[in-house]
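K.L.:
If you scroll down you'll find the structure; I have some questions about it.
The values are calculated or read from the model by the stated rules, or taken from the named source; none is laboratory data. Computed from a prediction, not measured in an experiment: that's the story for all the values here. No Cβ is skipped: glycine too gets one built from the backbone with ideal geometry, and neighbour counts run over all protein chains shown. Quick note on the areas: whole protein, heavy atoms, side chains included, nothing else; ligands and nucleic acids left out. Shrake-Rupley method; radii C 1.70, N 1.55, O 1.52, S 1.80 Å.
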Amino acid sequence: MPISRRALAAAFAVCVLLPLSACGSGDDGGSTDASGKVEGDITFQTWNLRANFKDYFEGLVADFEKKYPGTNVKWIDQPAEGYADKISADAAGGTLPDVVNVSPDLVAPLAKAGLALDLDKAASQYKKEYLDGAWASHQIPGMTGTYAFPWYLNTGPLFYNKSLFEEAGLDADQPPTTYDELFADALQIAEKTDGKVATLANVPTVEDFGRYGVPLMNKEGTAFTFNDAKGVELLTKYKELYDAKALDPQALTATPESSGKKFLTEAVAMNPGSALDLGNFKKQAPNLYKNIGITDQITSTGHVNMYVMGVMVNAQTKQKPAAVAFAHYVTEAAQQMSFAKKVAIFPSTAGSLDDPYFTKEDGTDETRVRVAAAKSLKTAVNYTPVLFSEQMKTELRNEVAKALQGKQSPKEALDNAVEACDRLLQQQG
């Protein structure tokens, strides 16, 4: 996948429902025994990485083949557009590559169909090499097992406009660190600017409910639970912000790109982002860049949200030892560190985030963001449930919009969203 803000947002949002009848346990793929000699021909599929990282991956493949004589890795790279559909078609047609670059939501239907190898059985000896939260990110509610090696991670801080905070009578060096502080500051900024400056530009997503401390699903993975009292409380707070114009009036139709533009033009006071954004601010909005504040994600749980990519082994591969060895090799600490230094992403391997590259600041905002993000990733979690599909995101967004517009109560909105999402969940098989 292309490593840009737009691509990250798009790629992490992708979800697929495979047109497969073989829904059931993840054991349908046969033996999970990956012992034996590492040899033979395997295919490795990535997600829109060739354009920017051709040399890196060709070197990776060559080094693996040198380490394991008798292996041959064919690298395939698919475009970002239609990647989920391509995986779906390959899975249905029996042409899924041996090793596949996936996100957790892509793994879920493959695991249910018995096409993703359970690494807790096939490669448990490697589990300790990865951060606990990263390893757990490819586990499926209602199933036992882990269905992909964690690869690279991303997260980011909240950026805020110091001058807009100061103009509203707030201390620009004391940004909000709790939800109560965030909501209070947002209402003050809206009041002082007569509703001309909003603090937030996006309606709450399932990830926001997770960060607020709302339980999102039952443990069995059979029903959603974000309509509980705490979920209603969060949506009620957002309704107050919306009525006061502390939440941007166009938030109901906002995209990550449009929200970013609002922040660039100083129409909103805060926006989530990553180290990738700083260069953009410097180039496109030098006045904003001078006034940029950087603070941590706000969370009630003590754990920030992370996005994670993985490397899955096809349970039906004819070359299990080679496929598992290669998937592990791609995600080993040395390879992950090398990749992380080429682009603003983070390794999922235990101990890697203690490297000076992720702990030492040099006075630049770029390293400040990198160091802060690396520290938070050690205990970060992927809040978006792996079973939460694109259709479910749309259902939640539509019901939230009705609540903000006063067409139904926050409780009614979340009850309706949970009902719709549960119905879609049953259709997944």
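K.L.:
Could you tell me the accessible area of THR255 in Å² (1.4 Å probe, neighbours in place), rounded to the nearest ten?
P.N.:
Around 60 Å² of this residue is reachable by solvent.
K.L.:
State to the nearest 20 debye the size of the charge dipole of the chain about its Cα centre, where the only charges are +1 on K and R beta carbons and -1 on D and E beta carbons.
P.N.:
Magnitude of the dipole: close to 640 debye.
K.L.:
Moving to a separate point now. Report, in degrees rounded to the nearest 10, the 0 to 90 angle that the Cα long axis of helix 275-284 makes with the longest principal axis of the chain.
P.N.:
50
K.L.:
While we're here: Using θ = phi - 60° and the Karplus curve 6.51 cos²θ - 1.76 cosθ + 1.60, what whole-Hz ³J(HN,Hα) does each residue of region 43-56 get, with Gly and Pro shown as x?
P.N.:
Taking θ as phi minus 60°, the curve returns 10, 10, 10, 10, 10, 6, 10, 5, 4, 9, 9, 4, 5, 4 Hz for region 43-56.
K.L.:
Identify which of the listed values of mean projected area of the Cα convex hull in nm² was calculated from the structure shown: (1) 26.4; (2) 19.5; (3) 20.8.
P.N.:
Identified label for the calculated read-out: (2).
K.L.:
Keeping all protein chains in the complex and leaving out DNA, RNA and ligands, what accessible area do you get for ILE294 with a 1.4 Å probe, in Å² to the nearest 10?
P.N.:
Near enough 20 Å² of accessible area.
K.L.:
Applying 1/(1 + (r/R0)^6) with R0 = 22 Å to the Cβ-Cβ distance of ASP296 and THR265, what FRET efficiency is obtained, to the nearest 0.05?
P.N.:
Computed FRET efficiency for ASP296 and THR265: 0.35.
K.L.:
Counting Lys +1, Arg +1, Asp -1, Glu -1, what net charge surrounds THR379 among other residues with beta carbon under 14 Å of its beta carbon?
P.N.:
Counting the neighbours of THR379, the net charge comes to 0.
K.L.:
Next question, about the same structure. Compute the accessible area per residue over region 142-253, keeping the other protein chains in place, probe 1.4 Å, unit Å².
P.N.:
Ligands and nucleic acids excluded, the result is 40 Å² per residue.
K.L.:
Quick one: Cα centre-to-centre distance for region 122-179 and region 180-240, in angstrom?
P.N.:
18
K.L.:
Can you give the accessible area of ASP85, probe radius 1.4 Å, in Å² rounded to 10?
P.N.:
110
K.L.:
Can you list the HN-Hα couplings for region 71-82, worked out from phi with the Karplus curve (6.51, -1.76, 1.60; θ = phi - 60°), rounded to whole Hz and with x for Gly and Pro?
P.N.:
For region 71-82, the Karplus-derived couplings read 9, 9, 9, 9, 8, 10, 10, 9, x, 4, 5, x Hz, x marking Gly and Pro.
K.L.:
In whole percent, how big is the carbon plus sulfur part of the accessible area of region 50-106, probe 1.4 Å, protein atoms only?
P.N.:
48
K.L.:
Now, a different point. Could you work out [θ]222 nm for the chain from helices alone, using -39500 (n - 2.57) per DSSP H run of at least four and dividing by all its residues? Round to the nearest 500 deg cm²/dmol.
P.N.:
Helix-only estimate at 222 nm: -13000 deg cm²/dmol.
K.L.:
Next question, about the same structure. Which angle between 0 and 90 degrees, to the nearest 10, do you get for helix 365-377 versus the longest principal axis of the chain when only C-alpha atoms count?
P.N.:
Value to nearest ten degrees: 70.
K.L.:
Next question. Check which residues have an amide H placed less than 5 Å from THR71's amide H, if you skip close sequence neighbours.
P.N.:
The list, which skips near neighbours in sequence, is GLY40.
K.L.:
If r is the Cβ-Cβ distance from THR255 to LYS37 and R0 is 56 Å, what FRET efficiency results, to the nearest 0.05?
P.N.:
About 0.70, to the nearest 0.05.
K.L.:
For a quick check: with amide H placed at 1.01 Å from N, whose amide H comes under 5 Å from VAL268's, ignoring anything fewer than 5 positions away on the same chain?
P.N.:
Those lying under 5 Å, H to H, from VAL268 are PHE263.
K.L.:
Sticking with this structure for a sec: Could you go through region 173-182 in sequence order and give the Karplus-derived ³J(HN,Hα) for each residue, using 6.51 cos²θ - 1.76 cosθ + 1.60 with θ = phi - 60°, rounded to whole Hz, and x for Gly and Pro?
P.N.:
Result, rounded to whole Hz: 8, 10, x, x, 10, 10, 5, 4, 5, 4.
K.L.:
Between GLN45 and residues 5 or more places away or on another chain, which pairs have amide H atoms under 5 Å apart, with H built 1.01 Å from N, and which residues are they?
P.N.:
Answer set, sorted by chain and number: ILE76, VAL99, VAL100, ASN101.
K.L.:
Can you give me the angle between helix 410-427 and the longest principal axis of the chain, using Cα atoms only, in degrees from 0 to 90, rounded to the nearest 10?
P.N.:
With rounding to tens, the tilt is 10 degrees.
K.L.:
Could you please put THR144, THR384 in sequence from largest to smallest accessible area, using a 1.4 Å probe?
P.N.:
THR144, THR384
K.L.:
Next up: Could you tell me which of PRO410, ALA223, ALA275 has its Cα farthest along the dipole of the chain towards the positive end, charges placed at Cβ (Lys, Arg +1; Asp, Glu -1), taken about the Cα centre?
P.N.:
Ranked along the dipole, the leading option is ALA275.
K.L.:
Can you work out the accessible area per residue across region 287-429, with the rest of the protein chains kept in place, probe 1.4 Å, in square angstrom?
P.N.:
With all protein chains present, region 287-429 gives 41 Å² per residue.
K.L.:
Further, regarding this structure: Show LYS192, LYS162 ordered by accessible area, largest first, where the area counts protein heavy atoms only and the probe is 1.4 Å.
P.N.:
Highest to lowest solvent-accessible surface, that is LYS192, LYS162.
K.L.:
Still on this structure, please answer the following. Taking a 1.4 Å probe, which of ASP120, ASP171, ASP41 shows the most accessible area, and what order do the others take after it?
P.N.:
I get ASP41, ASP171, ASP120, largest accessible area first.
K.L.:
Continuing with this model, one more query. For region 256-407, give the percent of accessible area contributed by carbon and sulfur heavy atoms, probe 1.4 Å, rounded to a whole number.
P.N.:
Its accessible area is 50 percent carbon and sulfur atoms.
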